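**Q** Structure below; questions to follow.
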Amino acid sequence: MKVRVAPHTFFFLLLTFSYGIPVILTLFYNINEEYTYVNDNILAEYSHTAWTLLSIYAIATVSFLLGSKLTHDSIKRVRVSSISQDLISNSSSSLPLNFWQKNVIYGFICLGLVMLFKMFRAGTFSSDYIESFGAGFESQNVYTMLCDVFFFFFLYLYLNYQNSYNKSKLLLLVMIFVTLLRGSRMFTIPLIFFLLYKMVYIDGLTRKKIGFILLGGTVVLLGLCLVFFLRHGASFENVDILGMIFLLIQYESCGVHVPLMKEIMMGWHLSFAPMFTYVTDTFLFVIPRIVFPEKNEYLFFDRVVSEYNLSPFGGINGEASVILYFGMLFPFFFFLVGGFLSYLYNLVKKSSNTSIKVLYTFICCSLMFTFLRNGILIATKSMIVVWIILAFFVFVRRISLNLKG
């Protein structure tokens, strides 16, 4: 069964609906209003923002789809540029990893092991879930970035060397799954998305697989909720399990939407914003904290979030973060993202086993999730890091080929 929807469109819509529908249903229908969190923190404060929030979601989604569609149609009428041809022809699957590529991968793994050791010593994995965020905070920040890198390395090895480096792939998976020990589920989501990507876009979708995806999705949801309940020490006696699961989904969805609802109340979605702060914040944010420990004091994002208490429950969704930097021009940003991903997708379709394919898959399975759940700044930093790594891999590959030639 051929799937006509491009992967980036599929995952954008999947994540948009997954995160948007629970909060929209809550605002419109007062679901679970008997719970203090829902009634006092969401409905009492933000119920009047329902229609505006829905409109912002609709505008952002239409802009993304329009950008993707127009770019796709334009590429059909234009010859692929020489730069694109160079990207397409740059395949690394025919040769094993060279010395420098191996050292980069294992160097990051060693750094991850050091961070895990520090986190264990600080009590990150033995503390209560809420308290664990403060235990080994600096190490957790580093490991958060490393999980994206581990996933990128896994994709690079899997897509280019399916029958080789199996021990390295397993080790990378273990480095990601260990985060479940402290109740963190978000780092395993990209792996689940890649499994979905593989079944739909690599292996090909069948009716049997559709049933497996639906069943597997239900099992995964229950498993991730179980991790949350166990880390909180919740009791399951005389508890409506399904009700608790939906409440957990509400907690996740509504929490990351509080910044957007606050922005709506302040009218930021209808005003202009100093877009240059996105550039300066990106520059500062990618500087390692060990080099510039006080960088948070100079971030426009941090100053605004602190001044307006924008994110009291942690997290800021993609739409809210884009409005923070672009104001009423937020549709233009989503239009550009849709167009860029459509361009990458068309490159991937013309290639079989290239570096650009790894980058595109990483964006669909990981970066899209990071952006729509944690905002534009964190997603941009992850993009820059993996882009640097990928560029280094391509550079040292070409050097090795030139030396052999």
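The values are calculated or read from the model by the stated rules, or taken from the named source; none is laboratory data. No experiment lies behind these values; they were computed from the predicted model shown. Ideal geometry is used to build each Cβ from the backbone, glycine not excepted, and the neighbour counts take in all protein chains shown. Each accessible area value is taken on the protein alone, full model and side chains, heavy atoms only, with ligands, DNA and RNA left out. Shrake-Rupley method; radii C 1.70, N 1.55, O 1.52, S 1.80 Å.
**Q** For the range 213-233, indicate whether the set of residues that are modelled with pLDDT of 80 or more, closer than 27 Å to G375 by Cα and surrounded by 11 or more Cβ atoms within 10 Å (Cβ to Cβ) is non-empty.
**A** Looking for residues that are modelled with pLDDT of 80 or more, closer than 27 Å to G375 by Cα and surrounded by 11 or more Cβ atoms within 10 Å (Cβ to Cβ), one finds none in the range 213-233, hence no.
**Q** For the range 250-291, how many residues are open to solvent by 70 Å² or more (accessible area, probe 1.4 Å) and either of a type in the set (A, V, I, L, M, F, W, C) or touching a Lys or Arg at 6+ places or on another chain (Cβ under 8 Å) (or both)?
**A** 11
**Q** Moving to a separate point now. Please enumerate the residues belonging to the range 186-203 that are open to solvent by less than 50 Å² (accessible area, probe 1.4 Å) and in contact with a helix residue (DSSP H, G or I) (Cβ under 6 Å, 6 or more places away or on another chain).
**A** Selection gives F187, I189, P190, F193, F194, Y197, M199.
Per-residue answers, yes or no, for (1) among the β-branched types (V, I, T); (2) closer than 15 Å to V258 by Cα; (3) open to solvent by 70 Å² or more (accessible area, probe 1.4 Å):
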| site | (1), (2), (3) |
| --- | --- |
| R4 | no, no, yes |
| T9 | yes, no, no |
| L13 | no, no, no |
| I21 | yes, yes, yes |
| L27 | no, yes, no |
| Y35 | no, no, yes |
| A44 | no, yes, yes |
| H48 | no, yes, yes |
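**Q** Here is a follow-up. Mind checking whether some residue in the range 352-367 is under 21 Å from C147 (Cβ atoms), surrounded by fewer than 18 Cβ atoms within 10 Å (Cβ to Cβ) and in contact with an Asp or Glu (Cβ under 8 Å, 6 or more places away or on another chain)?
**A** no
**Q** Can I ask one more? Please work out which residue is modelled with the highest pLDDT, limiting yourself to the range 125-162 and to residues that are surrounded by 16 or more Cβ atoms within 10 Å (Cβ to Cβ) and of a type in the set (G, A, S).
**A** By that ranking, first place goes to S139.
**Q** Of S55, S63, which residue is among the small types (G, A, S), open to solvent by less than 50 Å² (accessible area, probe 1.4 Å), on the phi < 0 side of the Ramachandran plot and at pLDDT 90 or above?
**A** Values: S55 fails: open to solvent by less than 50 Å² (accessible area, probe 1.4 Å).
Answer to the selection: S63.
**Q** Show the residue pairs meeting these rules: Cβ distance below 7 Å; 6+ apart or different chains; first residue within the range 167-187 and of a type in the set (A, V, I, L, M, F, W, C); second residue crowded, with 16+ Cβ neighbours inside 10 Å and in a loop (DSSP other than H, G, I, E, B).
**A** I176/F187; I176/T188; F177/T188; L180/T188; L181/F125
**Q** Pairs needed: first member in the range 307-326, farther than 15 Å from T380 by Cβ and of a type in the set (D, E, K, R); second member anywhere, modelled with pLDDT of 95 or more and not in a loop (DSSP other than H, G, I, E, B); C-beta distance under 6 Å; at least 6 residues apart or different chains.
**A** E319/I56; E319/A60; E319/L260
**Q** So which residues in the range 292-334 are open to solvent by less than 80 Å² (accessible area, probe 1.4 Å), part of a helix (DSSP H, G or I) and either of a type in the set (G, A, S) or within 20 Å of E45 (Cβ to Cβ) (or both), if there are any at all?
**A** V304, V305, G318, E319, A320, S321, I323, L324, G327
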